[in-house]
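In what follows, a structure is listed as structure tokens, so that the remarks can point back to it.
Every number here is computed from the coordinates shown, using simple stated rules; none is lab data. Quick caveat, the model's predicted, so the values are computed rather than measured. All Cβ positions, even for glycine, are placed from backbone atoms using ideal geometry, and neighbour counts span all protein chains on display.
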Amino acid sequence: MKPHDIDTLFLQLAGALSRGLTPEIVFRSSGEPRWQPMTDIYETEGEVVIKIELAGVPKEEISIGMDGNRLLVRGVRKDESKSYAPQKKKNYLQMEINYGEFERAFLLPEGLDPQSVRAEYSLGFLRVIVKRRPPRQIVTVQVTDGEELKNG
């Protein structure tokens, strides 16, 4: 492990703890760190919107799944500087950008329609939009005196 790898792990852990996350969420049992992108979740009258900051992540590297009211967003942000040739030795003065695999799981409110999920990606932000189901209609039942049941 290189010294900057330790610094990166420490920064990921410190960032996660500052957001109220536990170390188990940041570091999986495999030992590979996964970063968690910053996220806003808000609702409007007809839908819930999950807005995730993913600058530098190609849309082809993003995977979205929904099971019931649980939404899972995964992907990878690759360090593009590693693909340049020839490689120049870098001495980072500050390193805050997370690279590698990311994963976020969200437990969404009840009453959403999983068939309505759509995603938009623009200017480094992923927006996952889930529509609410229409409110259930209350059925009014006519109460009779029971004579109709005896005769029918």
Can you put Ser116, Ser122 in order, fewest other beta carbons within 10 Å first? Ser122, Ser116
Based on the Kirkwood radius over alpha-carbon pairs, what value in µm²/s does the Stokes-Einstein equation return for the translational diffusion coefficient of segment 40-119 at 37 °C and 0.692 mPa s? 215
With unit charges on the beta carbon (Lys/Arg positive, Asp/Glu negative), name the residue among Val143, Gln94, Leu126 whose Cα is farthest towards the positive pole of the charge dipole of segment 87-152. Gln94
Packing-based exposure ordering (other Cβ within 10 Å, fewest first) of Tyr121, Tyr42: Tyr42, Tyr121
